[in-house]
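Trainee: Below you'll find the structure I mean.
The values are calculated or read from the model by the stated rules, or taken from the named source; none is laboratory data. Bear in mind that the values here come from a model prediction, so they are computed numbers and not experimental data. Glycine also receives a Cβ, built like all others from the backbone with ideal geometry; neighbour counts cover every protein chain displayed. Heads up: the accessible areas ignore ligands, DNA and RNA and are worked out on the full protein's heavy atoms, side chains in. Shrake-Rupley method; radii C 1.70, N 1.55, O 1.52, S 1.80 Å.
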Amino acid sequence: MTEAPDTVLARDGDRPAPLLELREIVTYYGEINILRQVSLQVNHGELVCLLGGNASGKSTTLKTCLGIVRPRTGRVVFDGEDVTGRPTNYRIARGMAIVPENRRLFAPMTVRENLEMGAYLNGGGVKEDFDRVYELFPLLHERRSQLAGTLSGGEQQMVAMGRALMSRPKLLLMDEPSMGLAPILVERNFEIIKQVHEAGVAVFVVEQNANVSLSIADRGYVLQTGRVVLEGAASDLLQNEDLRKAYLGR
Amino acid sequence: MDVLALTPWDDWSIFIQLCVNGVTLGSVYALIALGYSMVYGILKMLNFAHGDVYMIGSFLGYFMLTSGLDGPMNLAVPIWLALTLVLLVAMLGAGLLGVAIERFAYRPLRNAPRIAPLISALGVSFFLQNSALLLFGANFRTYDAFTLDGGVLFTKGIFEAWGKDDAIALNLPLLNMLVIGGAIVLMILLTLLVARTRLGKAMRATAFDREAAAMMGINPDRVIMATFFIGSALAGAAGVMVGMLFGQVYHFMGFLAGLKGFTAAVVGGIGSIPGAMLGGLLIGMIEAFSTGYLPEGSKFQDFYVFILLIAVMLFRPTGLLGRADIAKV
Ligand SMILES: Nc1ncnc2c1ncn2[C@@H]1O[C@H](COP(=O)(O)OP(=O)(O)OP(=O)(O)O)[C@@H](O)[C@H]1O
Ligand SMILES: [Mg+2]
């Protein structure tokens, strides 16, 4: 990555431009430096996972992609366009969506209303959007009039995922989707992620559960105190000794 | 009125009249309380300048009404059109004022400690009161709804009596009907807006979790702005209604009205829209009934209102319809 910021769109040769690219992102909260020169990319249709311990800056990385957090320096390029200075709603309109950490459902609103919020920029979603989500999660159709705050953890995860899919994203950002789920639900959850991915959506997933996530991912990055310390094909990372010690072994 | 209070059995006509007064007052308090509650719901701050927005709305209505007059209390347009225009202009003006207050006095403090916007709100309140004092003077202005269009607002209405010697009477002047009806229409519109529309849902989402709302592409600043506009416009409507009902507007009128609106919001459960409506009605009724049935009620009606506040806070700190049950997940 040596291009100057104003030539970000010029790519060399026939290599396709990635869907999402973070270039040397430096992020601060107040005076505290959280991300230190994070560079990574997610290609069209790829499933990439971001691993890292607590407080390593994973959520901050996703929030930077979406524009909730603004980097001090560095660029965010999405689908061939530098969106660093663009607000969140612009990025969502261009095709990003997120399943936030802890799901962050609108508890006093119904399941259906939560889904509508996912398609907020498309006027609350058309019938096809709901049909698509209900087909993926038939249970949500049953529960559509129930308040989201009264659902079980697994059901809430479905709403969070459905809500993100309502906007027909090109890139789905997911922050620890298996947090707080029973093992069987974690597996089911990753099956759905795989299904979404196979439908052509690029997925960038943050996980602490390296084993499961690497097993379905194409590539992975490992973040440690705000730096990418390891990156590579998921199969290579699964074999990596350091990573095994840090995340997989026990 | 007697020191020893009446009971309803002594005179049903008085009871009915107090109900009319209570519901009328309650409608006005409910409108004020709604703005308090909506702003609290979305920003978790008490907008102490809200009563003064109501005061400005009342003045706006006054100036509209007097400017529309063709000779002493002769309207240039039909009265229904005049009243609608007065109401709409006061609502628009108050709404824009609310938006400006949020933009310049609260938004810069969005990430400051919670006490900062409160102090800013008090500052805005003093600023508005003193601006009104400077611009409009210290004397009372009179809406003089009594003589408006030959006094139809008071001479028309429902005036019925029943029973022996017409012992049970109902006096419901047109003005009270308009105030109650207008408040009900506004509250129905608000309820529909919040429940059904895209903006209403965005308001609820933002009130519950601002960052999550932003993650869905909602622009929280816009939603907050709309909330201030709507809440302030309702206060402006209340200002016109009170001007018409009690005749007098002055620069300090927002203080007590703001306090009552706040009390109504808290009693109903601050942050809850039906709560604000219920709280407003309750406070209006208590105020009216205390003038009739409680010792020294006509002097101490405010005392009884605040007793209610304290009692509700002791036994139900979340307010009557407030909920602590659905916490953030
Ligand atoms: N809004 C904020 N203001 C100040 N500091 C913050 C804020 N959000 C996060 N931090 C700090 O930034 C650091 C990185 O946070 P981040 O949420 O990105 O970590 P994470 O890798 O997602 O951790 P976890 O696995 O626990 O979710 C943490 O030390 C956290 O305390
Ligand atoms: Mg995190």
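Trainee: Anything in segment A:188-201 that is hydrophobic (A, V, I, L, M, F, W, C) and either within 16 Å of ligand 1 (Cβ to nearest atom) or in a helix (DSSP H, G or I) (or both)? List them, or say none.
Mentor: Across segment A:188-201, the qualifying residues are A:190, A:192, A:193, A:196.
Trainee: Any chance you could count how many residues in segment B:127-184 are among the polar types (S, T, N, Q) and in contact with a Ser or Thr (Cβ under 7 Å, 6 or more places away or on another chain)?
Mentor: Adding up the residues that qualify gives 1.
Trainee: OK, next. So, in segment A:202-221, of the ones that are assigned to a strand (DSSP E or B) and aliphatic (A, V, I, L, M), which residue ends up farthest from ligand 1 (Cβ to nearest atom)?
Mentor: Checking each candidate, the answer is A:202.
Trainee: Considering only residues that are more than 7 Å from chain B (Cβ to nearest Cβ), out of contact with any Gly (no Cβ under 9 Å at 6 or more places or on another chain) and within 15 Å of residue A:166 (Cα to Cα), which ones fall in segment A:95-109?
Mentor: The answer is A:95, A:99.
Trainee: Being within 14 Å of residue A:96 (Cβ to Cβ) and within 14 Å of ligand 2 (Cβ to nearest atom) is the filter here; which residues of segment A:33-68 pass it?
Mentor: Of everything in segment A:33-68, those that are within 14 Å of residue A:96 (Cβ to Cβ) and within 14 Å of ligand 2 (Cβ to nearest atom) turn out to be A:61, A:62, A:63, A:64, A:65, A:66, A:68.
Trainee: Could you tell me which residue of segment A:193-211 is farthest from the other protein chains (Cβ to nearest Cβ), considering only residues that are buried (at least 18 other Cβ atoms within 10 Å of the Cβ) and away from ligand 2 (no atom under 16 Å from the Cβ)?
Mentor: A:197
Trainee: Please work out if residue A:180 is within 14 Å of chain B (Cβ to nearest Cβ), within 16 Å of ligand 1 (Cβ to nearest atom) and more than 14 Å from the chain's Cα centre (by Cα).
Mentor: yes
Trainee: Name the residue that is surrounded by the fewest Cβ atoms within 10 Å (Cβ to Cβ), counting only residues in segment A:42-61 that are in a loop (DSSP other than H, G, I, E, B) and within 13 Å of ligand 1 (Cβ to nearest atom).
Mentor: Among residues in segment A:42-61 that are in a loop (DSSP other than H, G, I, E, B) and within 13 Å of ligand 1 (Cβ to nearest atom), the one surrounded by the fewest Cβ atoms within 10 Å (Cβ to Cβ) is A:54.
Trainee: Against the condition within 13 Å of ligand 1 (Cβ to nearest atom), facing another protein chain (nearest Cβ under 8 Å) and under 17 Å from the mean Cα position of the chain (by Cα), how does residue A:89 come out, does it pass?
Mentor: The answer is no for residue A:89.
Trainee: In addition: Does segment B:289-308 include one or more residues that are of a type outside the set (Val, Ile, Thr), within 30 Å of residue A:150 (Cβ to Cβ) and either part of a helix (DSSP H, G or I) or within 16 Å of the chain's Cα centre (by Cα) (or both)?
Mentor: No: segment B:289-308 contains no residue that is of a type outside the set (Val, Ile, Thr), within 30 Å of residue A:150 (Cβ to Cβ) and either part of a helix (DSSP H, G or I) or within 16 Å of the chain's Cα centre (by Cα) (or both).
Trainee: Sticking with this one: Mind checking which helices (runs of 4 or more DSSP H) fall wholly inside segment A:62-179 and carry at least 2 residues that are open to solvent by less than 40 Å² (accessible area, probe 1.4 Å) and in the same structural domain as residue A:47 (by TED's automatic domain parsing)?
Mentor: A:88-93
Trainee: Among A:128, A:207, A:142, A:191, which is the only one that is charged (D, E, K, R) and touching a Ser or Thr at 6+ places or on another chain (Cβ under 6 Å)?
Mentor: Checking each option against the conditions leaves just A:207.
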